Each structure stands twice: as C-alpha cells, then as structure tokens.
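Shown next, in structure tokens, is the structure this report addresses.
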Amino acid sequence: MSNIENFIYLFDPKNDQFQNISWAEPIFIAMARAYQNDEEISLYIDNDYIKNMIVSSYQDNKTYSPVEQIVNRTGLEKISSHLTSIMLKNFTSLSPTDLKDLRDYLQYLFLELMNNVADHAHSPVGGYAMAQYYPIGKKIQFVVADRGVAFLKNMQLNFTDIQNEEAAILKALQKGITSTEQKMYGQPKNAGFGLYAMFEILKMTGGRFVIISNDTLLRYENGHFEIKKLSIPWKGVVASFEFFEANINYKMDEFTSNYLWNVDDEDEDYF
C-alpha cells in the first residue's frame with residue numbers, strides 16, 4: 001500500500017510483466033481482479049502465493065480473506081461479517097471487550113466502503129474487496145477496487161465547482177457529503193458518512209489509507225496527506241486502509257455518538 005503507485009503501469013493493456021511480480025498485498029490483488037475482469041483477459045503470474053490469492057479457493061488457515069465481488073448492496077452485510085470473522089481469528093490476545101470493539105469497527109469500515117462501491121461506482125464489473133492480517137505489525141489491510149466513473153464525475157452531480165479528482169476526493173472525506181440525493185419519508189437521510197467515518201476512525205487509531213481516483217492518488221499517513229498525479233491513470237477508484245490493533249481507544253457506540261450523529265450548525269447539509 002505504501003508504494004502502489006509504482007505498480008500502476010502493470011494495469012495497462014500494453015503490459016505483459018505480471019509474471020515478474022513476486023509479492024503482493026490486498027490492494028494489488030483487488031486491482032488485478034477488477035482489471036482482468038474489466039479487460040476480459042487472463043493474467044499470467046508465475047507465483048503460487050499470488051495465484052492462490054487471486055484465483056484459488058479460500059482456505060481457513062490463511063491470514064487473508066477470499067476476494068469478494070461487489071455488485072450491489074445485496075449480501076454486503078454477510079460479506080462484511082465473513083471478512084471480519086476471518087480477521088478476528090488472528091487476534092488471540094485481545095480481551096472480550098476489545099475484541100468486540102475491534103469487531104464493531106471492522107464490520108463498520110468494511111461495510112461502508114463496500115456500500116460506496118455499490119452506490120456510486122457505476123462499474124461494469126462491480127468492485128472487488130479483500131482483507132489480510134499481518135501478524136508482525138498486528139494490523140489489517142482492507143481494500144475495495146472498481147472500474148467505474150471515479151470521484152470527480154460523481155461529485156459534480158451536486159458540486160459543480162469541483163474541477164479535478166483531488167478536490168473531489170477531499171470533498172468526499174468531509175462529513176455528510178455524498179453524490180446522491182438520499183431521503184427517507186421526504187426528509188434528508190443521514191448519508192455521506194462512509195469515507196468521512198473511515199477518515200475519522202483511522203485518524204483516531206493511528207491508521208493510514210490510500211485512495212486512487214482515475215489519475216490522482218491521495219495517501220494519509222502519520223497525520224499528513226500526500227497527493228500525486230499518476231502517469232498512467234487507474235480507471236475507477238481504489239480505497240485501501242490499514243487498521244492497527246494497538247490503538248483501539250473508543251467503543252464503537254461512543255465513536256458514532258461523538259463523530260457521526262453529533263451534527264451542529266456548521267456541518268455540511270445532507271444530500
């Protein structure tokens with residue numbers, strides 16, 4: 001995740017170097033699945049580890065989850081619960097209370113990012129999601145990747161002043177921002193919390209994330225943003241985060257109460 005921009009060149013129809021890849025994280029695997037499905041090609045990768053992650057059946061003794069395809073919201077809660085259960089089996093030293101907090105956080109994060117793909121991607125192949133636990137750092141990496149219209153086109157539906165992907169991503173990280181009008185019983189419905197909630201949770205827990213939208217990469221790490229223009233754009237969106245076990249300080253209900261539902265006059269309107 002720390003250098004995915006160095007591998008974007010692989011996702012180009014002219015490339016034939018996938019066989020040279022010797023190690024990959026979930027962010028690369030999800031992108032590879034979305035890419036090969038969208039381009040209707042087979043990827044030749046001469047590496048058993050990566051081939052297992054991409055094409056083989058899931059095995060219970062692995063620290064990574066199967067690659068799940070996202071088509072719409074149907075079944076996403078079940079996928080989120082499944083991914084969470086796979087990840088939690090690795091956290092054997094946590095107390096029951098901390099384990100519950102971790103479960104709540106992960107299920108929320110997984111589901112919100114997958115919902116974003118289902119609602120906004122407009123991707124011909126849907127999206128792909130995957131998670132992996134890293135025992136040395138005691139962290140989880142999660143990713144969703146699609147081949148859709150990306151942030152700018154979505155955001156311009158409601159924010160015509162936004163003119164580039166960077167501004168669109170930063171806008172999407174704000175509270176209550178969404179690119180669709182969502183109402184319940186004729187009144188504005190709480191919406192636009194997916195990326196904002198991810199941002200707040202990862203800030204609070206010392207995590208980090210990467211978002212790719214077409215020709216722009218935004219990385220958040222150690223309290224700072226880094227933004228890059230990609231020489232070879234990715235078609236669509238990739239969103240990946242790393243969540244660290246050691247930094248769970250809030251119960252999930254306290255987080256939602258303090259960060260999500262505490263709306264004041266300065267908050268953005270819901271759309």
| query | When only residues in region 12-35 that are of a type in the set (A, V, I, L, M, F, W, C) and at pLDDT below 90 count, which is most open to solvent (accessible area, probe 1.4 Å)? | reply | TRP23
| note | For region 209-238 the number of residues that are over 18 Å from the mean Cα position of the chain (by Cα) and at positive phi is 2
| task | Test THR256 against the stated conditions and say whether it is among the polar types (S, T, N, Q), under 18 Å from LEU173 (Cα atoms), at pLDDT below 95 and out of contact with any strand residue (DSSP E or B) (no Cβ under 7 Å at 6 or more places or on another chain). | result | yes
| What pairs come up if the first residue lies in region 77-94 and is more than 15 Å from VAL144 (Cα to Cα), the second is basic (Lys, Arg) and surrounded by 15 or more Cβ atoms within 10 Å (Cβ to Cβ), and their beta carbons are under 7 Å apart, counting only those six or more places apart or on different chains? | LEU88/ARG103
| query | Which number in (1) surrounded by 14 or more Cβ atoms within 10 Å (Cβ to Cβ); (2) assigned to a helix (DSSP H, G or I); (3) at pLDDT below 95 marks the one condition that LEU43 misses? | reply | (2)
| field | Among (1) open to solvent by 30 Å² or more (accessible area, probe 1.4 Å); (2) part of a helix (DSSP H, G or I); (3) hydrophobic (A, V, I, L, M, F, W, C) - the single one ILE54 does not satisfy | value | (1)
| field | Filter pass, SER213 being at pLDDT 70 or above, surrounded by fewer than 18 Cβ atoms within 10 Å (Cβ to Cβ) and hydroxyl-bearing (Ser, Thr, Tyr) | value | no
| remark: Residues in region 123-138 that are in contact with a helix residue (DSSP H, G or I) (Cβ under 8 Å, 6 or more places away or on another chain) and open to solvent by 40 Å² or more (accessible area, probe 1.4 Å) total 2
| said: Restricting to region 220-232, and then to whatever is without any contact (Cβ under 8 Å) to a residue 60 or more places away in the chain and closer than 16 Å to ALA168 by Cα, can you tell me which residue is least open to solvent (accessible area, probe 1.4 Å)? | reply: TYR220
| request: Tell me, please, whether a residue that is at pLDDT below 95, under 27 Å from ILE29 (Cα atoms) and of a type in the set (A, V, I, L, M) can be found in region 144-153. | output: no
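The values are calculated or read from the model by the stated rules, or taken from the named source; none is laboratory data. Quick caveat, the model's predicted, so the values are computed rather than measured. Every residue, glycine among them, receives a Cβ derived from its backbone with ideal geometry; neighbour counts consider all protein chains shown. Surface accessibility is based on the protein's heavy atoms, side chains included, excluding ligands, DNA and RNA. Shrake-Rupley method; radii C 1.70, N 1.55, O 1.52, S 1.80 Å.
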